[in-house]
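This report concerns only the one structure given below.
The values are calculated or read from the model by the stated rules, or taken from the named source; none is laboratory data. Please read these numbers as outputs of a predicted model, since none were measured by experiment. Here Cβ is always computed from backbone atoms with ideal geometry, including for glycine, and neighbour counts include all displayed protein chains. Heads up: the accessible areas ignore ligands, DNA and RNA and are worked out on the full protein's heavy atoms, side chains in. Shrake-Rupley method; radii C 1.70, N 1.55, O 1.52, S 1.80 Å.
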Amino acid sequence: MTRRRAVAILSAVAGALAVVAVPTPAHAHPLGNFTVNHYHGLHLYPDRLDDLAVVDEAEIPTLQQRTAIDGNRDGTVSDDERAAHATATCRQLADALHVDVDGRTMAWRVVASTFTYQPGVARLQTARTECRLTTPVNLRRPGSLRLVDDFRTDRIGWHEITATGHDVGIAQSPVPTVSISDELRSYPNDLLASPVNQRQVSLRVVRPGEAGAAGAGIDVPIAGPVTRALGAFGDRFTELAGADRLTPLVGLLGILLALVLGAAHAALPGHGKTVMAAYIAGRRGTYRDAVVVGATVTATHTAGVLVVGLLLTAVAGLAGETLLGWLGVVSGTVVAAIGVCLLTSAWAARRTRPQPAPHSTPHQVVPAGAVARHTPAAPAPDSTEPHEASHSHSHSHSHSHSHSHDHPHHDSHHHGHGSGPIRRRGLVGMGIAGGLVPSPSALVVLLGAIALGRTWFGVLLVIAYGIGMAATLTAAGLLVVHLHRRLGAALARRSGIWSDRLARITPILTASLVLIVGVALTVRALGPIVDPAL
C-alpha cells in the first residue's frame, strides 16, 4: 500500500469518526419525536396567580401543523402568522387550564404570547409556544388551590409543574420551585425510563412564616447503559440523514448506521422474537421458515414507514403516537390469532394421536416354497398427524424349513402441524406482526429527507433499517431451528415415557405462549390509546 493511499484511508476514517462523534446542538425530547410537552410555572402572589405556560412540540407534530400556521400557503411562516398562531394557542390553553381556589373556579387572562421555531433532529424544526397567564385571586389568607391541565390530553409528552410563593406560603408543596428541564429548554441528558407526568397539582396556601419545606423534588428514573448507547447512535443517525452535504462517505455511514440501529432495535424487548421462536418451535420450522419471517419483516416495516410518513404529512390532526398505538393493537391481535390457531391445531392433534404399539417380532414357520407376502402399511388419514407404519415381511428359503418374520414398526417421527398454505400464512403473519409498527427514528429520518428534497435517500435508509431488523429476527429464528433440531435428536436417542410426553405437550405449550404474548402486546398497545397519561 502506498503512503498516499494510506493517508487517504486514514483521513476518510477520521472524517467518519468526526461526523459520528460531534454532538448535536438540538435537544432530544424525552419520549421521542411525536411528543407535545407541557410546563406550568406557577407564581403565587397575595392578590393574583400567574402562570408561565410553555408548550414544546417535537419534530413530527411541528411538521404536521406547519401548513395550518402558514395561512397564505406561500411556504413560509411569517411573523404575523406566528403571532396569530401564538394568540390562538394561548387562548385555547387558557380555556383548558382549570384552576380552583377554595372551590371557586377562576378565569385566566392571556397577558402575552409568543411562538418560535427551533432546530431539531434530521434538519426538522421543533416549535415552542409561551403563554403568560394571570388571574386575580385573594391569597392573603390560608386556603387551597388546585390546577388541572386538560390542554391536548390526546398527546403524550413531558408534563412538569413548579410553584413559587411571593409573600405567600405553600405548605409541603408536592412540586419543586425550580424546573429540572429549564422550562422545557434542556431535558435530562440520559434517556428516560419514564417521563415526568404532572398534569395536576393541589397546593395549600398558608402564611409566609408557615411555609415549611421549599418544595418536593422530582425523581427521574433513567434508562440503562444499552438504551443510552442506542440513543446516542440514533442521534448520530438522524444527524447524518440531515447533513448539509450528502457526500458518498456520509451516505455510506448513514446506511451502515441504519443497519446497526435496525438490528439493535430488533434486539430490544418486543418485535415478536419470543413469539416467532415459539411459533417455529411449535411448527418444527426449517431454516427457510426463519428466512421467510425475516424477509417479511423487512417488507412490512419499510412499507409501514412509507405509509405512516405519508399519512402524517397529509393529515395535520393525526396524532402519530395514536396511529402507532393502533398499529401495535393490530400487531398484537395478529399474534393472538396465530396463537389461537396453533392452540386449536395442537389440541386437536393431541386428541387424535394414536397410541404407539409395542414392538414385537413373532416367528412363524411356513412350509417350504410358500409364496412371500407383504402387507403394506395403511396410509395415514391426515398428513398433518403423526402416523404409524406396520410392515409385514415373509422370507422364503430353499432349505427344508422357512421362517416368516412379522415386524410391526411404530414410526415415531411427526410431520409439521398444518398444511403448506396454512404454514406459509402463519410465517407471513409472524413477519407482519414483527414489522408492522414503524420505528419513530426511521419515520423522522424519512420525513427529514423529504423536507430536504432527498426522498430517495430517506427511502434507502428506511430499507437498510428494515434489513437490520430482519437480520436480528432471522438470526434468532435460525438459532431456534438449530436448537430445536438438536433437542429433537437428543430426545430421539433417549426415547421413553417422559420424552414422549414432552413431545406431545410442547406444541400446546408453545401455542399457549404465542397466545399469551399476543394478548399482552394488544393490552400494552391499547393502554396509552385509552389513557394517554399512562
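Scanning for something more than 15 Å from the chain's Cα centre (by Cα), over 19 Å from Ala290 (Cβ atoms) and open to solvent by less than 40 Å² (accessible area, probe 1.4 Å), does segment 465-488 turn up at least one residue? Within segment 465-488 (the criterion being more than 15 Å from the chain's Cα centre (by Cα), over 19 Å from Ala290 (Cβ atoms) and open to solvent by less than 40 Å² (accessible area, probe 1.4 Å)), the answer is no, since none of the residues qualifies. Leu526: at pLDDT 75 or above, assigned to a helix (DSSP H, G or I) and exposed (fewer than 13 other Cβ atoms within 10 Å of the Cβ), yes or no? So Leu526 does not fit the description; no. Going through (1) hydroxyl-bearing (Ser, Thr, Tyr); (2) at pLDDT 80 or above; (3) loosely packed, with under 12 Cβ neighbours inside 10 Å one by one, Ser331 falls short only on (3).
Checking the structure you have, find out if any residue of segment 263-281 is modelled with pLDDT of 80 or more, farther than 30 Å from Val523 by Cβ and in a helix (DSSP H, G or I). Checked against the condition, which is being modelled with pLDDT of 80 or more, farther than 30 Å from Val523 by Cβ and in a helix (DSSP H, G or I), segment 263-281 yields no hits at all. Residues in segment 148-178 that are touching an Asp or Glu at 6+ places or on another chain (Cβ under 6 Å) and not in a strand (DSSP E or B): Ile156 alone.
Under the condition of being within 19 Å of Cys90 (Cβ to Cβ) and either among the small types (Gly, Ala, Ser) or surrounded by fewer than 19 Cβ atoms within 10 Å (Cβ to Cβ) (or both), the residues counted in segment 130-150 number 6. Right, Arg155: open to solvent by 50 Å² or more (accessible area, probe 1.4 Å) and touching a residue at least 12 places away in the same chain (Cβ under 8 Å) or not? So Arg155 does not fit the description; no. Going residue by residue through segment 135-147, is there one that turns out to be touching a Ser or Thr at 6+ places or on another chain (Cβ under 9 Å), free of Cβ contacts under 8 Å to residues at least 60 places away in the same chain and assigned to a strand (DSSP E or B)? Within segment 135-147 (the criterion being touching a Ser or Thr at 6+ places or on another chain (Cβ under 9 Å), free of Cβ contacts under 8 Å to residues at least 60 places away in the same chain and assigned to a strand (DSSP E or B)), the answer is yes, since at least one residue qualifies.
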